[in-house]
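Written below as structure tokens is the structure these notes are about.
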Amino acid sequence: MNQNTICALATANGVGAIGIIRVSGDQSFEIVNKVFQGKDLTKVATHTVHYGYIVDADAEKSENQSHSVPHPDAENHVIDEVMVSVFKAPKTFTAEDSVEISFHGSPHIANKILEVLIKNGARMAKAGEFTMRAFMNGRIDLSQAESIADLIASENEASRKLALNQLKGGISSEISLLRGDLLNFTSLVELELDFAEEDVEFADRSAMNALLNRLENKLASLIESFQYGNAIKNGVEVAIIGKPNAGKSTLLNALLKEERAIVSDIAGTTRDTIEEVLHLNGNAFRLIDTAGLRETSDEIEKIGVVKAKEKVAKASILVYLVDANSTDISDDIQMLNELMRPDLKTIICLTKIDKAPDAAHSAGDPEYSGLLHQLRSGLSFSDFKLLKISALENRNLQQLKTELSSYVENLKTGENTVITNQRHYEALQKSLESVNRVKAAISQGIQTELLAYELRYALEHLGEISGEFTNDEVLGNIFSKFCIGK
Ligand code: GDP
């Protein structure tokens, strides 16, 4: 039995109008031909679609030996009425002969079709195996393979665009040009080793330095783009904190009312962590642990410092609510001093500004200058944004949204290519370190042998992103995160 042809359900596992099973490998046409009744698929033109039936030919033969070719009337053995698309190598997703079977989208039918394909010589694909074959067959590089997973996982405009740019080869093309130049220098340095006795210098050290500087700049700016890329890909975590009755749940409701609210489980967290996601200008803001907020308006929920700190630890933005009608806000100031940190964007909102000014309270002062004074003199950090809002009357909520959006905008770098992948980020950091080592080696007039060694090391790290240098463990790790059929 040929184990080289793989099959899997390519569409989501569930009921749908249509499901698609993908088959790839050198026996694809022969195997599907054995179970397809309609046309001889080995004789049809590539990239064509054919109508027919998937039949369980074995069952047919054993019960009715006189029919060497299954007959459509033998309905018991017809599994489904299908459309079959035929793609001949090499212009296919995997660069191998491939077939896609579109069937009526029932999980039961999918299983039956997979069963007959396997009975006839295909095997179930492993997670990500189709994309892995596209990579192994040189049709895409590793970063493009990863971008396919990102594209499928993209939940908003910004992450879709970044993944698509990556799929077109964004990061690899930027790096492979510079890597190619470095490879040329490395070859020259290695050539010098062959002529060690003669003390020649084939590789112009100052030109090499100039190239290393260009590489250093490029790598540094790609590394810098990761914070933005990460915000786009995973969303920005926002913690809404404030004393009971400060107006947190009212604000949450007001923010989510206009924008499409999605309640989702986040990968990597426990299933009972529910997050609300706010979409602003195509960016996702994940409001941390707001599960109870919407319902607990009258239940006095005591948020201790520890719990608040836990929430804020994960966040990039803190929205802290202070009731504008309070007089003494020393509790809030104490809490804020515990929570604020230099890498946390802090937005302090004086809430409920719609309440009629009451002389007994600081709200008697429409500018809230008393509260502002307490804040400014009490807080140990001066880097915060102050807004005066009313969630109930939707006043100045736009300012809050603008502040949230500007956080993402400010992360943007001048770089066209944006890094979104942790593996690329780490490879870039290692590349930058090794480029710096090569530079140091040159300036110290290090032995050619050691220089060649450092150069090889740098080339390896640069090659990790596109997969030119990789190992089975890394590949296994990347593709096992894909789902089966991808
Ligand atoms: P939480 O405990 O921080 O979630 O506070 P809530 O959102 O439950 O609000 C507490 C009380 O303040 C409720 O009675 C709200 O209706 C009221 N409230 C919240 N925001 C505003 C506001 O902007 N203006 C006014 N006037 N009342 C508000």
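Some observations on this one:
- For the stretch 362-416, a residue qualifies if it is touching a residue at least 60 places away in the same chain (Cβ under 8 Å), surrounded by 15 or more Cβ atoms within 10 Å (Cβ to Cβ) and of a type outside the set (Lys, Arg), and the qualifying residues are Ile389, Ala391, Leu392, Leu397, Leu400, Leu404, Ser405, Tyr407, Val408, Leu411, Thr413, Glu415.
- When the residues of the stretch 19-30 are filtered to those that are over 27 Å from the mean Cα position of the chain (by Cα) and not in a loop (DSSP other than H, G, I, E, B), the one that is surrounded by the most Cβ atoms within 10 Å (Cβ to Cβ) is Ser28.
- Contact map, the stretch 312-327: residues that are of a type in the set (Phe, Trp, Tyr) paired with residues that are within 11 Å of the ligand (Cβ to nearest atom), Cβ distance under 9 Å, separation 6+ or inter-chain. Pairs shown: Tyr320/Ile240; Tyr320/Ile241; Tyr320/Gly242; Tyr320/Ala246; Tyr320/Cys349.
- Selected residue [within 16 Å of the ligand (Cβ to nearest atom), at pLDDT 85 or above, open to solvent by 20 Å² or more (accessible area, probe 1.4 Å) and over 30 Å from Gln166 (Cβ atoms)] from Asp323, Asp289: Asp323
- The listed residue being surrounded by 18 or more Cβ atoms within 10 Å (Cβ to Cβ), aliphatic (A, V, I, L, M) and more than 27 Å from Met136 (Cβ to Cβ), out of Leu459, Leu451: Leu451
- All of Glu216, Glu192 fail the test of being at pLDDT 90 or above, within 19 Å of Glu454 (Cα to Cα) and in contact with a helix residue (DSSP H, G or I) (Cβ under 7 Å, 6 or more places away or on another chain), apart from Glu216.
- Qualifying residue in the stretch 182-201 (condition: under 33 Å from the mean Cα position of the chain (by Cα) and not in a loop (DSSP other than H, G, I, E, B)): yes
- Pair list, Cβ < 7 Å and 6+ apart or interchain, from the stretch 207-232 residues that are touching a residue at least 40 places away in the same chain (Cβ under 8 Å) to residues that are small (Gly, Ala, Ser) and in a helix (DSSP H, G or I): Leu219/Ser431; Ile232/Ala158; Ile232/Ser159
- Count of the stretch 1-51 residues, restricted to those that are over 10 Å from Ala122 (Cα atoms), touching a residue at least 40 places away in the same chain (Cβ under 8 Å) and among the hydroxyl-bearing types (Ser, Thr, Tyr), is 2.
- Qualifying residue in the stretch 230-238 (condition: part of a strand (DSSP E or B), surrounded by 14 or more Cβ atoms within 10 Å (Cβ to Cβ), within 16 Å of the ligand (Cβ to nearest atom) and modelled with pLDDT of 90 or more): yes
- Looking across the stretch 59-88, the residues that are small (Gly, Ala, Ser) and modelled with pLDDT under 95 come down to Ala59, Ser62, Ser66, Ser68, Ala74.
- Screening Lys302 on (1) at pLDDT below 90; (2) more than 10 Å from the ligand (Cβ to nearest atom); (3) out of contact with any Pro (no Cβ under 9 Å at 6 or more places or on another chain); (4) not acidic (Asp, Glu) shows it passes everything except condition (3).
- Pairs with Cβ under 9 Å, 6+ apart, first in the stretch 241-259 and at pLDDT 85 or above and more than 6 Å from the ligand (Cβ to nearest atom), second in a helix (DSSP H, G or I) and open to solvent by 20 Å² or more (accessible area, probe 1.4 Å): Ile241/Met335; Lys243/Asp331; Lys243/Met335
- Filtered by the rule that a residue be open to solvent by 50 Å² or more (accessible area, probe 1.4 Å) and over 14 Å from Ile6 (Cβ atoms), the stretch 90-126 gives Pro90, Lys91, His104, His108, Asn111, Lys112, Glu115, Lys119.
The values are calculated or read from the model by the stated rules, or taken from the named source; none is laboratory data. All values derive from a computational prediction rather than experimental measurement. Ideal geometry is used to build each Cβ from the backbone, glycine not excepted, and the neighbour counts take in all protein chains shown. The accessibility values were calculated without ligands, DNA or RNA, using every heavy atom of the protein model including side chains. Shrake-Rupley method; radii C 1.70, N 1.55, O 1.52, S 1.80 Å.
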